[in-house]
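The structure under discussion appears below in the form of structure tokens.
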Amino acid sequence: MEKFLIFIDAADDAAMYPVSGLLGMTVAGDATLLIKFGSSIGSGGTDGSAADIITVTTTADKELVVFKALAKAIADIGAFNSEKFLVVCDDVNSVFAHPDILSCTLAIDS
């Protein structure tokens, strides 16, 4: 069964991706992780390179800690209970997969 990652940055702005759609995760600078997925709206751009990018803001100098913790949490989805999803960032309800995640921003089909 597929596992999913959930990101919510506002009351009417949320995204859920299958783990299989994860293209990569990058420490992009101080307090910033970029998580890239294949385009959820399917436009693919003119050259097929369109993607959704989730920017995750972390506590300063904790990017690699969060980076590694997310990798472990993704690998462990569903290992200890029946949940097949991981809420990585929910700004609305202040639910985060790691205590050093502060917020997220969704850029769909960027």
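The values are calculated or read from the model by the stated rules, or taken from the named source; none is laboratory data. Since the model is a prediction, treat every value here as computed from it, not as a measurement. Cβ atoms come from the backbone with ideal geometry, glycine included; neighbour counts cover every protein chain shown.
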Positions within the range 66-93 being under 26 Å from A11 (Cα atoms) and under 11 Å from the mean Cα position of the chain (by Cα), in sequence order: F67, L70, I74, L86, V87, V88, C89, D90
Restrict the check to the range 73-90 and report whether at least one residue is touching a Leu at 6+ places or on another chain (Cβ under 7 Å) and acidic (D, E). no
Out of the range 1-43, which residues are assigned to a loop (DSSP other than H, G, I, E, B) and of a type in the set (A, V, I, L, M, F, W, C)? M1, A11, A31, I41
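Evaluate the range 2-9: report whether one residue or more is basic (K, R) and under 18 Å from C104 (Cβ atoms). So that I can check it myself, show each step before the final result.
To start, the set of residues in the range 2-9 that are basic (K, R) comprises 3.
Filter once more, keeping what is under 18 Å from C104 (Cβ atoms): none.
No, the range 2-9 contains no residue that is basic (K, R) and under 18 Å from C104 (Cβ atoms).
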Quick one: in the range 55-110, of everything that is part of a strand (DSSP E or B) and touching a Lys or Arg at 6+ places or on another chain (Cβ under 8 Å), which residue is surrounded by the most Cβ atoms within 10 Å (Cβ to Cβ)? L86
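Check F85, F96 and return the single one that is closer than 17 Å to F7 by Cβ, aromatic (F, W, Y) and at pLDDT 95 or above. Talk me through it step by step, then tell me what you get.
Numbers: F85 fails: at pLDDT 95 or above.
Every option except F96 fails the conditions.
With respect to S49, is the statement that it is part of a loop (DSSP other than H, G, I, E, B) and either closer than 15 Å to L86 by Cβ or at pLDDT below 95 (or both) true?
Yes.
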So, first residue closer than 22 Å to N93 by Cα in the range 11-23, second residue of a type in the set (D, E) and part of a strand (DSSP E or B), Cβ within less than 8 Å, six or more apart or across chains; the pairs are A15/D52; Y17/D52
Pairing a residue in the range 91-110 that is of a type in the set (G, A, S) with any residue that is part of a loop (DSSP other than H, G, I, E, B) and at pLDDT 95 or above, where Cβ atoms lie under 9 Å and the two sit 6 or more apart in sequence or on different chains, gives S103/D91
